[in-house]
Amino acid sequence: MRQWWVLLMLAASPCAWASLQLPDYAQGADLRVALEERAHSITDVIALIVSILAIIGIFIGAGYFATGQSERGRSYVVGSVIALVLAACAYGIANLVASPV
């Protein structure tokens, strides 16, 4: 019942209709471009977060090496380097796919 009240208020007020904003792609811009930009920004953020965490993991592994726990340090460093390489590959593939032809 509440939805009908809102629709009645919008229908009664022409100023309310004028203040409604549609997304850019609904106002004539291309939906594909908007989605590509959003996907590119999401990919950038995810790659940045994974890279920062991988570098922190390398430092933690170096700390374990310094304290004499070489096996644990090696596992941290190897896992962090693998994560960093995978993040770089995923970022590169995403940019390759999203780039215009």
(request) Would you work out which of Leu31, Ser70, Ile46 lies farthest towards the positive end of the dipole of region 26-98? Charges go on Cβ: Lys and Arg +1, Asp and Glu -1. (result) Ser70
(request) Would you please put 74-80, 62-68 in order of how densely packed they are, using the mean number of other Cβ atoms within 10 angstrom per residue and starting with the highest? (result) 74-80, 62-68
(request) Can you tell me how much longer the chain between Leu31 and Ile93 gets when fully stretched, taken as 0.36 nm per residue apart minus their C-alpha distance, in nm with one decimal? (result) 20.1 nm
(message) Relative contact order of region 26-98, please, whole-number percent, based on alpha carbon pairs below 8 angstrom and at least 6 residues apart.
(response) 36
(request) Would you mind calculating the gained length between Phe59 and Glu71 on full extension (0.36 nm times residue separation, minus the Cα-Cα distance), in nm to one decimal? (result) 2.8 nm
(message) Over the Cα atoms, compute the radius of gyration (one decimal) and Dmax (the largest Cα-Cα distance, rounded to a whole number) for region 26-98, in Å.
(response) 17.7, 63
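We did not get these values from a lab; they are worked out from the coordinates using the rules stated. Since we're looking at a predicted model, the values are computed, not measured. Methodologically, a virtual Cβ is constructed for each residue, glycine included, from the backbone with ideal geometry; neighbour enumeration extends over all protein chains shown.
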